[in-house]
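The values are calculated or read from the model by the stated rules, or taken from the named source; none is laboratory data. These numbers come from a predicted model, not from an experiment. Ideal geometry is used to build each Cβ from the backbone, glycine not excepted, and the neighbour counts take in all protein chains shown.
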Amino acid sequence: MIRIDSVTKRYPDGTVAVDRLSLEIPDRSITVLVGPSGCGKTTTLRMINRMVEPSEGTISLDGVDIGRQPVNSLRRSMGYVIQNAGLFPHRTIVDNIATVPRLLGWTKQKARERARELMERVGLDAALARRYPYQLSGGQQQRVGVARALAADPPVLLMDEPFSAVDPVVRKGLQEELLRIQEELGKTIVFVTHDIDEAIRLGTMVAVMRTGGRLAQFAPPAELLSSPADAFVEDFLGADRGIRRLSFFPSGALPLEKTPIVALDASAEQIASRSSTDAPYLLVTAVDGKPLGWSEPGDLIAGDIEPERLLPYGRPFEYGKDSLRAALDCAVLSPTGWAVAVDGAGRVVGVVSQQTIGEAIRSAHAAGRADEKVAG
């Protein structure tokens, strides 16, 4: 556990970057520091590995004041990942990853073996080992940065806006990779970002900091979204925090409709039996059960269903794995107002209307209020 106790960072010109900050960062979890520019996020992170020394207060790791530890050994016991990866341009990928193990006295062979093992863990092709950073994409470079930070198996990983310089698609993939690695390795991660969506998605705990380096709120993401501490936190979370909160409600309790679904090779009798006034559209699936698109029942002719003439089904959600937010998004994107639920293999397991999703959202909110009363 990392304990930050009444820490202040004041510069010679009188600027206060961090002001009497106290935090207990739990072990084996991801704690995210988030806030506007100038709120002291990066300064706080750098004080944890003593790249910046605090003016007042103490920071301890497992009960030991880090100010009393040799700075070089402290830094080598912590992985550090920055924006744009910060790789050595003159070293190959395998040697970039092996940097800290070599500093710790590992043999070149052992360090490179560890580097190749980590390349696989972070999703990098082994063929990239002998390449140089400029020969990799931005996303690949960030994966190398994560692998390098993990090379000596440090208990603590510090990450300073590591994914902010890549495009949204790559960023989502890197976030998923980080969550997968964390599930496997269970590190204590301190992650800095200015993106509240990233904070909500990654954080076990989220610390919202306000300008001037003061802590505004420290809470799990779901609590942060449901109960902002003050107007500043509420404003920072944005007007759509209610939608974000749906990310914490599972979709597995949604009652799915299976009647308005027909296969591409359905007979006239099957099409007729699947039609109802409650569902004005039918979802047509391929023979393997994967969705193709929507159609009004009267437009379907048995033996002559043309997939290219169907209405798009939008984007499906994985039933039980994805959240109510994902289900609602799928329903909104669908031209029929119905979301398509699939299993892990992409086969249709049912459909659900916006109205039913809305009812599930109200039930989830009511259950949450009931739990809060019991806890209180």
Being loosely packed, with under 14 Cβ neighbours inside 10 Å and either part of a helix (DSSP H, G or I) or in contact with a Leu (Cβ under 8 Å, 6 or more places away or on another chain) (or both) narrows it down to one residue among 149, 127; which is it? 127
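Sort out for me the helices (runs of 4 or more DSSP H) sitting completely within the range 168-280 that have 2 or more residues that are over 13 Å from residue 34 (Cβ atoms).
Because the criterion is at least 2 residues that are over 13 Å from residue 34 (Cβ atoms), the helices (runs of 4 or more DSSP H) in the range 168-280 that meet it are 168-185, 221-226, 231-237, 241-245, 268-274.
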Filtering the range 319-346 down to residues that are among the aliphatic types (A, V, I, L, M) and under 18 Å from the mean Cα position of the chain (by Cα), which residue is nearest to residue 257 (Cα to Cα)? 327
Single residue of 85, 126 found to be at pLDDT below 90 and of a type in the set (Gly, Ala, Ser): 85
Name the single residue, out of those in the range 152-170 being more than 15 Å from the chain's Cα centre (by Cα) and of a type in the set (A, V, I, L, M), that is surrounded by the fewest Cβ atoms within 10 Å (Cβ to Cβ). 165
Failed criterion for residue 108 (all others in (1) over 18 Å from residue 208 (Cβ atoms); (2) surrounded by 13 or more Cβ atoms within 10 Å (Cβ to Cβ); (3) among the basic types (Lys, Arg) hold): (2)
Out of the residues in the range 79-93 that are over 27 Å from the mean Cα position of the chain (by Cα) and of a type outside the set (S, T, N, Q), which is nearest to residue 42 (Cα to Cα)? 88
Considering every residue within the range 229-243, establish whether at least one is in contact with a strand residue (DSSP E or B) (Cβ under 6 Å, 6 or more places away or on another chain) and under 30 Å from residue 342 (Cα atoms). no
Out of the residues in the range 281-315 that are outside any loop (DSSP other than H, G, I, E, B) and surrounded by fewer than 18 Cβ atoms within 10 Å (Cβ to Cβ), state the one that is nearest to the chain's Cα centre (by Cα). 311
Name the single residue that is farthest from the chain's Cα centre (by Cα) among those in the range 130-146 being part of a helix (DSSP H, G or I) and of a type in the set (A, V, I, L, M). 144
